[in-house]
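The values are calculated or read from the model by the stated rules, or taken from the named source; none is laboratory data. This one's a predicted model, so the numbers in the text were calculated from it and none came from an experiment. Please note: Cβ atoms are built from the backbone with ideal geometry, for glycine as well, and neighbour counts cover all protein chains shown.
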């Protein structure tokens, strides 16, 4: 049996490789329309998205107006609609094994729930037991504790029954707010500065590869 009754997975970049095939190319396409003179590498995009965050990248780095922000959102949605990201190597197998062992799989994500369900179906995976996505609104999104409180309420779980797996600090803050374990998905990044921060600044566990997480779950 796995170490935890419930696995709480982030989606973008933790489960699926969305930055290389959706987030970065859609933003580059936005810049081609709004700031054609600007050049942005994927490493720079990842670093800026981490700090000062995506809104900071848009507003502070590129000075987007509200109209330009609306344009980038619609442009991003069009990329999401036409692109299905692949799961990280080993993730689909881990999810299948965990579900087969009777584990509860929940997704807490800043992606829309319908996008998460589409990606699971495209990979031939059973839908998660519960998906709590962007459409719930800011007060019910990480870093707030509401998603984990709702999962515990629905499935009669305690904090010790859950492991949150996420590639960003809001997931850690959410886990810390209820006192459950957290694992940093270091496989999401090649940037050593971000990897170092997630190792040292977010406490909990940190795994370089999905297979290491799987071994931990069944250790």
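Listed by first and then second residue, the pairs with beta-carbon distance under 9 Å, at least 6 apart or on different chains, first residue in segment 74-87 and in contact (Cβ under 8 Å) with a residue 12 or more places away in the chain, second exposed (fewer than 12 other Cβ atoms within 10 Å of the Cβ) and in a helix (DSSP H, G or I), are 75/33. Each residue in segment 128-161 was checked for being more than 17 Å from the chain's Cα centre (by Cα), without any contact (Cβ under 8 Å) to a residue 12 or more places away in the chain and not in a loop (DSSP other than H, G, I, E, B), and 2 of them qualify. For the condition part of a helix (DSSP H, G or I), modelled with pLDDT under 95, outside the structural domain of residue 173 (by TED's automatic domain parsing) and within 21 Å of residue 165 (Cα to Cα), residue 47 qualifies. Restricted to segment 62-72, and to residues that are part of a helix (DSSP H, G or I) and surrounded by 12 or more Cβ atoms within 10 Å (Cβ to Cβ), which residue is farthest from the chain's Cα centre (by Cα)? So, considering only residues that are part of a helix (DSSP H, G or I) and surrounded by 12 or more Cβ atoms within 10 Å (Cβ to Cβ), the one farthest from the chain's Cα centre (by Cα) is 68.
Applying the condition of being closer than 17 Å to residue 166 by Cα and out of contact with any strand residue (DSSP E or B) (no Cβ under 7 Å at 6 or more places or on another chain) to segment 125-137 and asking which residue is modelled with the highest pLDDT yields 133.
Residue-level analysis places residue 37 outside the set of residues that are in contact (Cβ under 8 Å) with a residue 24 or more places away in the chain and farther than 30 Å from residue 105 by Cβ. From the set of residues in segment 104-124 that are part of a loop (DSSP other than H, G, I, E, B) and in contact with a strand residue (DSSP E or B) (Cβ under 8 Å, 6 or more places away or on another chain), which is surrounded by the most Cβ atoms within 10 Å (Cβ to Cβ)? The selected residue is 109.
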